[in-house]
1. How many residues, within region 31-89, are assigned to a helix (DSSP H, G or I) and either under 20 Å from Lys101 (Cα atoms) or acidic (Asp, Glu) (or both)?
2. Kindly indicate whether any position in region 30-47 is surrounded by 10 or more Cβ atoms within 10 Å (Cβ to Cβ) and at pLDDT below 65.
3. Quick check: anything in region 3-25 surrounded by 15 or more Cβ atoms within 10 Å (Cβ to Cβ), modelled with pLDDT of 90 or more and within 13 Å of the chain's Cα centre (by Cα)?
4. Can you run down the residue pairs with Cβ atoms below 8 Å, 6 or more apart or on separate chains, where the first is in region 86-102 and at negative phi and the partner is at pLDDT 90 or above and of a type in the set (Phe, Trp, Tyr)?
5. Just name the residue that is nearest to Gly54 (Cα to Cα) out of those in region 87-102 that are aliphatic (A, V, I, L, M) and out of contact with any helix residue (DSSP H, G or I) (no Cβ under 8 Å at 6 or more places or on another chain).
Amino acid sequence: MNIYLIPGLGFDQRVFSKLDLKQSNHYLQWALKTLSAWQGAALTDRTEIIQISGALDKTFPIKLMDKPTYTIEDGAHFMVYRKASIINEIIHAVLENSTPKF
């Protein structure tokens, strides 16, 4: 079955489905276990966390986020690919201590 021929399926769903069909169950189990055990770097009082979320992301729904720093209104799970220029602008603005213009 060619996943790109399914009518009504959005871009992110098509890409995710295609990737999902290529992954083994072993990989999925490893990925979920690894993500759930991730500790991250130690944070200090000076650590600034910037969260960029997509309003249309179904994998990590924005309603489950705790006040993202930036929200891409028409961004979904693959917005790093589809909205790269906006995300790039945000990152540059944060690094330069300015306000993004998107």
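The values are calculated or read from the model by the stated rules, or taken from the named source; none is laboratory data. The structure presented is a predicted model; accordingly, all values stated were derived computationally and were not measured. Ideal geometry is used to build each Cβ from the backbone, glycine not excepted, and the neighbour counts take in all protein chains shown.
1. Kept after step one, since they are assigned to a helix (DSSP H, G or I), are these residues of region 31-89: 31-37, 62-64, 79-82, 84-89.
From what's left, either under 20 Å from Lys101 (Cα atoms) or acidic (Asp, Glu) (or both): 79-82, 84-89.
Number satisfying all stated conditions: 10.
2. Within region 30-47, not a single residue is surrounded by 10 or more Cβ atoms within 10 Å (Cβ to Cβ) and at pLDDT below 65.
3. For region 3-25, residues surrounded by 15 or more Cβ atoms within 10 Å (Cβ to Cβ), modelled with pLDDT of 90 or more and within 13 Å of the chain's Cα centre (by Cα): absent.
4. Qualifying pairs under 8 Å: Ile90/Tyr70; Pro100/Tyr70.
5. Of all residues in region 87-102, those aliphatic (A, V, I, L, M) come to 87, 90-91, 93-95.
Among the residues that remain, those that are also out of contact with any helix residue (DSSP H, G or I) (no Cβ under 8 Å at 6 or more places or on another chain) are: 90-91, 93-95.
Numbers: Ile90: 13, Ile91: 15, Ala93: 18, Val94: 18, Leu95: 20 Å.
The selected residue is Ile90.
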